[in-house]
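So the structure is just underneath, and the comments pick up after that.
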Amino acid sequence: MKLLTQRVVTLFLLLTSLSSQAHSTEAPNNIVVSGGSITEIIYALGEQARIVGVDSTSVYPIEARQKPQIGYVRRISAEGVLSLNPELVLGEVDTGPKKIVAQLQRAGLQVEILQNSQQFNQIEDKVMQIAKLLHVPDAGKALNTKIQTDRKALQHLLQHVKSKPNVLFVLSIRSGQPVVAGGNTSVNELIAAAGAQNIAASHFDGWKSLSTEAAMLLQPDIIFTMDHNNQHVLPEISQLAHFKHAKAVKNKRVYSFNAAYLLGMGPRTPQAVVELAKTFHPNAPLPTGYQFQFKRSATEKN
C-alpha cells in the first residue's frame, strides 16, 4: 500500500509539473490556501471562486469551511494538495512541514510562502502581495483603504490615552493552569498597539503556564482571552485561584475576543485592535462617524 501511495504521488508530481508550466504566466484560477488570513483576504478581494482547497485554520468567512480540506497549516497533506490540481499554493509563514512544501515545489507547482504574514504592521503589504499574485491590484488597494480607516481610528483614540493599563492575555486553561503570552508574541504586539502593556512581557518571552504564586504577583488591571468556536474560558478564569484576588477580576475587567478576529492578522485585525483599545480605554473617543466595517465572527449577522 505504501509503495502504491508513493507511485500515485509521483504521478501527480509529473502531471502537475506539466500543467503548471503551461499556466505560469496567467492569473491562477485554482488556488490552494494554507492559512486563515490568506483565505480571508481572498474573500475580501472578491476572488473566492478561485479557491479550490483550504487548511483547517480557514474558518472565516463561514463559507470557507465548505471548501476541500488539506489539513492543518503546519501539517498539510501533499496528496490532498495535489489531488486538487492547483495552479498556485499560497501559504503563511508557518506552512509545513518543510519537506512537504519542498515536495510540492519539486512537482513544479507555484508555491508562494508569505514570510511576514503574522505581523500586525505588515497586513497591508500582505494584501497587496496576494492581490498582485491574483492579478487584481486595484481590489487590493480598495481593501487597504478600508484597513487604513481602522488604522486612523486607532491613532485617533490613542491620542486621547493618558496611561497604559497592565494587561494579561490568557490563551487557555490546561490542567488547571493558565497559559499566558509573554514578550516576543503576536499578542504582545497587539497589546502594545492597543495602548497597553503586557504585564507578563517583562518576566518571560513566548508562552508559559503560570503557577498560582506567579499569577498572584502579576496583578493585571485587565485580563482578556480568546473564544474558539464559541467555546469560552472566561468563567474558568474568574474562578481560578490564580486570579481571584486580581484587580481585573475584582473590577470585572475580564474580556473575551474571537480568536480569528483578533489574532488572524487579516483585514479585520486592525478593526479588532480598535475594539481592543476601546476596551482598554473606554473613555477615549473614536472619530466622529467611525463604524466597524467587518463582521467580528463567522456567524455574526449583518
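Below, the figures for the structure above:
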{"item": "Wholly within segment 64-160, helices (runs of 4 or more DSSP H) carrying at least 1 residues that are out of contact with any helix residue (DSSP H, G or I) (no Cβ under 7 Å at 6 or more places or on another chain), closer than 30 Å to THR279 by Cα and open to solvent by 70 Å² or more (accessible area, probe 1.4 Å)", "result": "123-133, 137-158"}
{"item": "Residue in segment 29-48 that is more than 21 Å from the chain's Cα centre (by Cα), assigned to a loop (DSSP other than H, G, I, E, B) and touching a residue at least 60 places away in the same chain (Cβ under 8 Å) present", "result": "no"}
{"item": "Hits in segment 55-100 - residues which are free of Cβ contacts under 8 Å to residues at least 60 places away in the same chain and closer than 20 Å to MET128 by Cα", "result": "SER58, VAL89, LEU90, GLY91, GLU92, VAL93, ASP94"}
{"item": "Cβ-Cβ under 9 Å pairs, at least 6 apart or on other chains, segment 199-210 side basic (Lys, Arg), far side assigned to a loop (DSSP other than H, G, I, E, B) and surrounded by 18 or more Cβ atoms within 10 Å (Cβ to Cβ)", "result": "LYS208/GLY182; LYS208/ALA200"}
{"item": "Odd one out for SER58, checked against (1) under 15 Å from the mean Cα position of the chain (by Cα); (2) more than 23 Å from PHE294 (Cβ to Cβ)", "result": "(2)"}
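The values are calculated or read from the model by the stated rules, or taken from the named source; none is laboratory data. Because the structure is predicted, anything quoted here is derived from the model rather than measured. Every residue, glycine as well, gets a Cβ built from its backbone with ideal geometry; the counts of neighbours run over all protein chains shown. Remember, those area values only see protein heavy atoms, side chains included, never the ligands or the DNA or RNA. Shrake-Rupley method; radii C 1.70, N 1.55, O 1.52, S 1.80 Å.
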